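Each remark here refers to the structure printed beneath this line.
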Amino acid sequence: MNPRIQMVDLQSQYQKIKEEIDGAIRKVLLHGKFINGPEVKEFADNLADYVGVKHVIPCGNGTDALMISLIALGLKEGDEVVVPAFSYIAPAEVIAFRELIPVLVDVDERTFNFSSEHLEKSITAKTKVIMPVHLFGQACDMAPIIQLAKKYDLDVVEDNAQSLGAEYIHPDGSRQYTGTIGKISCTSFFPAKNLGCYGDGGALFTDDDELAEKIRMIANHGQSQKYKHDIIGCNSRLDTLQAAVLNVKLRYLSTYNAARIEVAEKYTEAFKNIPDIDTPVQKEFSTHVYNQYTLKVRERRDELKTWLEKKGIPTTVYYPFPLQKQAALKGLTRTASTLDVSNRLCEEVLSLPIHTEMVPTEQNYIIEAVLDFFK
Ligand SMILES: *Cc1c(COP(=O)(O)O)cnc(C)c1O
């Protein structure tokens, strides 16, 4: 048996909600308000209610959201923003693009997220923002980050592109969705994210009324009223068609995340006795919504990848290079600690297919193939 396995199966997902999606899209085609149509505000309000934040400001994509957050906070050339070294490039990229300095911090080898042990060392008088990235579907350990932000008077900007729907669990047991903790949070609706549209999309979250107003202006040419431009901004909008799709898919977000968790738990159970791999951990401070199911494979990662490929099973290395090895960032970053864990993780990580439509026959086939490799 060689089922057609994909990292993410958006076609099968669409087939199940086709009528609702088609209806929502048709409605937009008929009213014709393709920019800032009623679906955009409706979606922003629905998402704000879902996560429990005062303002959701939709924009063009997750990278724009990060960029707009830095502009809104009024950061100046040479200001420093602390980011994890093991991550997607977007956070460090926009920081450098704004002529700010990304300060790279090593990550925890089990959670793949910020290592609080190294965080304080990286803070200087120039540091203005800590930017935790909730990687692969799990929240960073936020308590020490919040504490440091208070101590040094820094803002926290969450990159929540991979973890929409995950809950951070405070030391006192209270829960809060990721993306509602920092001063600003950024997310992406790229198709493969936990809440994905059918193209590009993103949003910023904040509880701060003034900041929300400023963010809205920046995303819309710095406009305070039509053709009156008060600050330099950009054009970053969520299309009405994408908002219509997201409005439908938001209704399924909890179900979709539950489906991902089920797949992840089955993998973890199946692989628990393989000494050469570490399955993802779920820490006491977070739920996990598994945007990725990422193994750590000692020694034979690339061999396993090829083995699975030959059996028709795609896998992906998120990420093959840490930020300190990216040519684009050369000479633009600062580092206050060793980045050994980030370097090593890039040699060891392997993400298996995980999505909302994974059926047992597919998953069993993947599990068997992995177990066979280690036999
Ligand atoms: C996807 C992603 C982004 C960027 O989102 P886009 O919508 O593709 O611009 C930023 N940060 C992280 C961690 C991501 O995974």
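The values are calculated or read from the model by the stated rules, or taken from the named source; none is laboratory data. Owing to the predicted nature of the structure, the values given are computational and were not obtained by experimental measurement. Ideal geometry is used to build each Cβ from the backbone, glycine not excepted, and the neighbour counts take in all protein chains shown. We work out accessible area using only protein heavy atoms, side chains counted, and drop any ligands, DNA or RNA first. Shrake-Rupley method; radii C 1.70, N 1.55, O 1.52, S 1.80 Å.
At a threshold of 8 angstrom on Cα-Cα distance, excluding pairs fewer than six apart, so keeping six or more, what relative contact order does the chain reach in percent? Intermediate results must be reported in sequence, preceding the final value.
Details: 788 pairs, mean separation 89.5, N = 375.
For the chain, the relative contact order is 24 percent.
If you roll a 1.4 Å probe over the heavy atoms of the protein chains, what accessible area per residue do you get for the chain, in Å²? Present the calculation step by step, with values, prior to reporting the outcome.
Numbers: 16510 Å² over 375 residues.
Value returned for the chain: 44 Å² of accessible area per residue.
So how much slack lies between GLU269 and ARG298, counting 0.36 nm per residue of separation and subtracting their Cα-Cα distance, in nm? Don't skip to the answer; put the middle values down first.
Values: separation 29, 0.36 × 29 = 10.44 nm, distance 1.88 nm.
Taking GLU269 through ARG298 to full extension adds about 8.6 nm, to one decimal.
Scan the chain and note any complete DSSP helix (H) whose C-alpha atoms cover at least 18 Å along its axis and whose Kyte-Doolittle average is -1.0 or more.
Details: long enough: 10-31 (28 Å, -0.55); 38-51 (20 Å, -0.41); 253-271 (27 Å, -0.25); 360-374 (21 Å, 0.22).
Qualifying helices, which must be both long enough and hydrophobic enough, are 10-31, 38-51, 253-271, 360-374.
If I take every Cα pair under 8 Å that is 6 or more residues apart in region 295-375, average their sequence separation and divide by the length, what percent do I get for the relative contact order? Walk me through the numbers on the way to the answer.
Numbers: 61 pairs, mean separation 38.7, N = 81.
The value is 48 percent.
Can you list the HN-Hα couplings for region 179-188, worked out from phi with the Karplus curve (6.51, -1.76, 1.60; θ = phi - 60°), rounded to whole Hz and with x for Gly and Pro?
With coefficients 6.51, -1.76 and 1.60, one gets x, 10, 9, x, 4, 9, 10, 10, 9, 10 Hz.
Between region 95-140 and region 317-350, what is the C-alpha centre distance in whole Å?
If you average the Cα positions of each part, the centres end up 12 Å apart.
Non-local amide H neighbours of ASP208 (under 5 Å, H modeled in plane, Pro and chain starts lacking H): which ones?
Residues meeting the amide H criterion: none.
Given H placed 1.01 Å from N in the peptide plane, which residues other than close sequence neighbours of ARG334 have an amide H under 5 Å from its amide H?
It is VAL103, LEU104, by chain and number.
Nearest 20 debye, what's the magnitude of the dipole of the chain about its Cα centre given +1 on Lys and Arg Cβ and -1 on Asp and Glu Cβ?
Magnitude of the dipole: close to 640 debye.
Report, to the nearest whole %, how much of the accessible area of region 289-375 belongs to carbon and sulfur atoms, 1.4 Å probe, protein only. Mind dumping the intermediate values first?
Working: 2090 of 4000 Å².
About 52 percent, which is the carbon plus sulfur part of the accessible surface.
Give the relative contact order (percent, whole number) for region 190-310; include only Cα pairs under 8 Å separated by 6+ residues.
Details: 106 pairs, mean separation 24.1, N = 121.
Value for region 190-310: 20 percent.
Leaving ligands and nucleic acids out of the surface, order LYS249, LYS214 by accessible area at 1.4 Å, largest first.
Numbers: LYS249 5, LYS214 80 Å².
These residues rank, largest area first, as LYS214, LYS249.
Which stretch or stretches of region 66-85 have amide N atoms under 15 Å from the point lying 7 Å from ASP230's Cα along the Cα→Cβ direction?
Residues 72-74 fall inside that zone.
Tell me, what ³J(HN,Hα) does each residue in region 76-85 have, in order and in whole Hz, if you take phi through Karplus 6.51 cos²θ - 1.76 cosθ + 1.60 with θ = phi - 60° and put x for Gly and Pro?
10, 2, x, 5, 10, 10, 8, 9, x, 6
Round to the nearest 10 and report in Å² the accessible area of ILE181, as given by a 1.4 Å probe over the protein chains' heavy atoms.
The value for ILE181 is about 30 Å².
Residue by residue, what Karplus-based ³J(HN,Hα) values in Hz, rounded to whole numbers, does region 224-234 have, using 6.51, -1.76 and 1.60 with θ = phi - 60° and x for Gly and Pro?
9, 9, 3, 6, 10, 10, 9, 9, 6, x, 8
Between region 200-276 and region 149-198, what is the C-alpha centre distance in whole Å?
When both Cα centres are located, 10 Å separates them.
How much of ILE261 can a 1.4 Å solvent probe reach, expressed as accessible area in Å² and rounded to 10?
Rounded to the nearest 10, that gives 50 Å².
Within region 335-374, what residues put their amide N at less than 19 Å from the label point 7 Å along the Cα-to-Cβ vector of LYS311?
Residues 349-355, 358-374 fall inside that zone.
Using a 10 Å cut-off on Cβ atoms, rank the peptides 364-375, 124-135, 231-242 from the highest mean neighbour count down.
Details: 364-375: 15.7, 124-135: 22.0, 231-242: 18.8.
Going by the mean number of other Cβ atoms within 10 Å, highest first, we get 124-135, 231-242, 364-375.
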